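Enquirer: Let me give you the structure first, and then I'll get to my questions.
The values are calculated or read from the model by the stated rules, or taken from the named source; none is laboratory data. Nothing here was measured: the structure is a model prediction, and the numbers come from that model. Here the Cβ positions follow ideal geometry from the backbone for every residue, glycine too, while neighbour counts run over all protein chains shown.
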Amino acid sequence: MNAAPARWETHRNSVERALREALDGSRAENRVVEAMRYSLTAGGKRIRPILLLLAHEAAGGRSEAAAQAAAALEMIHTYSLIHDDLPCMDDDDLRRGRPTCHVAFGEATALLAGDALLTHAFGLLAEASGIEPTVRCPMIATHAGAIGYEGMIGGQMLDLDAEKKNGLSILELQTIHERKTGAFLEAAPALGAMAAGASDETTAAFREYGRKIGLAFQIADDLLDVTGTAEEAGKRVGKDAARGKATYPGLLGIDRSRSRARELVEEAVRALPCDTPGGDLAVLARYIVERIH
């Protein structure tokens with residue numbers, strides 16, 4: 001993250017440490033674990049776990065207590081990337097600047113590595129020692145809702161179906177991205193607030209912040225596919241247009257897409273609870289649109 005506050009780097013290091021500990025404790029050292037570790041250590045911005053930890057602190061929690069929960073979030077995100085890159089899905093051969101998991105290890109191993117990361121993440125969250133046991137169960141349910149058939153997986157199905165349609169509307173595209181990308185990003189700050197024991201009202205405010213961030217992030221991603229380089233995006237660019245996929249720049253144009261992303265970021269900042277210190281969260285929100293200028 002360019003020019004990111006030092007606090008973000010502290011959180012990032014905390015997440016990296018928790019991820020290493022989660023896999024280093026594995027009793028099985030085989031090709032699946034190797035593929036899991038390969039994908040987890042490929043870099044990435046770690047935006048989702050950092051969102052969780054920043055919200056956790058803003059809601060009055062100690063970031064160390066939520067490190068395992070943040071690592072679980074990154075494991076789930078990495079599982080989704082592995083599966084998203086498969087030939088039967090988006091068929092990508094580059095992710096985070098290196099060959100995708102199925103290119104490096106084969107499709108079968110990549111599929112199993114994604115499944116293993118998902119299941120390991122739920123185990124990690126269930127055993128998160130820094131979070132009250134009574135809070136872990138609602139957090140697990142929130143995770144499941146964000147990535148299940150009503151969330152990320154449902155959004156991916158809509159995205160696949162949309163490739164067969166002509167003339168997708170902006171509302172249909174927004175629905176796809178609210179589920180495919182937005183639901184999981186929406187959950188990240190809400191989970192941080194929940195882990196800190198925040199009220200339902202405060203958690204809902206963080207959730208709304210995350211929902212706006214999720215849409216802004218997707219617009220930024222669409223813009224990078226049009227205006228960015230593979231080095232900037234960490235993956236092949238221009239693939240959406242080549243496949244005829246509907247995107248925000250394709251429907252709104254580049255300038256209007258940039259404007260909409262900025263509007264969403266400011267709406268996200270205004271959604272933050274007034275009684276919590278959300279300065280870093282506001283900076284993180286604006287970082288998302290800085291990538292597209």
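Enquirer: Considering every residue within region 52-64, establish whether at least one is farther than 27 Å from Ala205 by Cβ and modelled with pLDDT under 85.
Expert: no
Enquirer: Looking at Asp90 and the list (1) within 19 Å of the chain's Cα centre (by Cα); (2) within 19 Å of Val33 (Cβ to Cβ), which single condition is not satisfied?
Expert: Every listed condition holds for Asp90 apart from (2).
Enquirer: Mind telling me which of the residues Arg46, Arg12, Arg37, Arg95 ends up being within 17 Å of the chain's Cα centre (by Cα) and closer than 20 Å to Asp115 by Cβ?
Expert: Answer to the selection: Arg95.
Enquirer: Starting from residues that are touching a strand residue (DSSP E or B) at 6+ places or on another chain (Cβ under 7 Å) and not in a helix (DSSP H, G or I), keep the ones in region 31-85 and report whichever is surrounded by the fewest Cβ atoms within 10 Å (Cβ to Cβ).
Expert: Per the criteria, the residue is Ala42.
Enquirer: Let me ask something additional. Please go through region 265-293 and pick out each residue that is assigned to a loop (DSSP other than H, G, I, E, B) and either under 20 Å from the mean Cα position of the chain (by Cα) or at pLDDT 85 or above (or both).
Expert: Result: Leu272, Gly278, Arg291, Ile292.
Enquirer: Let me ask something additional. Looking at Gly192, Gly182, Gly197, Gly145, can you tell me which residue is touching a Lys or Arg at 6+ places or on another chain (Cβ under 9 Å) and in contact (Cβ under 8 Å) with a residue 24 or more places away in the chain?
Expert: On the way: Gly192 fails: touching a Lys or Arg at 6+ places or on another chain (Cβ under 9 Å); Gly197 fails: touching a Lys or Arg at 6+ places or on another chain (Cβ under 9 Å); Gly145 fails: touching a Lys or Arg at 6+ places or on another chain (Cβ under 9 Å).
That would be Gly182, the only listed residue that is touching a Lys or Arg at 6+ places or on another chain (Cβ under 9 Å) and in contact (Cβ under 8 Å) with a residue 24 or more places away in the chain.
Enquirer: Here's something else I'd like to know. Could you tell me whether any residue of region 118-136 is more than 22 Å from Lys45 (Cα to Cα) and buried (at least 20 other Cβ atoms within 10 Å of the Cβ)?
Expert: Yes, some residue in region 118-136 is more than 22 Å from Lys45 (Cα to Cα) and buried (at least 20 other Cβ atoms within 10 Å of the Cβ).
Enquirer: Now for a separate question. Which numbered condition trips up Asp91, out of (1) out of contact with any helix residue (DSSP H, G or I) (no Cβ under 8 Å at 6 or more places or on another chain); (2) part of a helix (DSSP H, G or I)?
Expert: The one condition Asp91 does not meet is (2).
Enquirer: Go through (1) part of a helix (DSSP H, G or I); (2) buried (at least 17 other Cβ atoms within 10 Å of the Cβ); (3) among the small types (Gly, Ala, Ser) for Ala204 and report which single condition fails.
Expert: Condition (2) is where Ala204 drops out.
Enquirer: Look at Ala187 and say whether it is touching a residue at least 40 places away in the same chain (Cβ under 8 Å) and over 15 Å from the mean Cα position of the chain (by Cα).
Expert: no
Enquirer: Let me ask you something else. Within region 231-264, restricting attention to residues that are under 19 Å from the mean Cα position of the chain (by Cα), small (Gly, Ala, Ser) and within 21 Å of Met89 (Cα to Cα), which residue is modelled with the highest pLDDT?
Expert: Gly234
Residue by residue, here is whether (1) farther than 26 Å from Gly192 by Cα; (2) in a loop (DSSP other than H, G, I, E, B); (3) at pLDDT 90 or above holds:
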residue	(1), (2), (3)
Pro87	yes, yes, yes
His102	yes, no, yes
Ala110	yes, no, yes
Leu117	no, no, yes
Phe122	no, no, yes
Arg136	no, no, yes
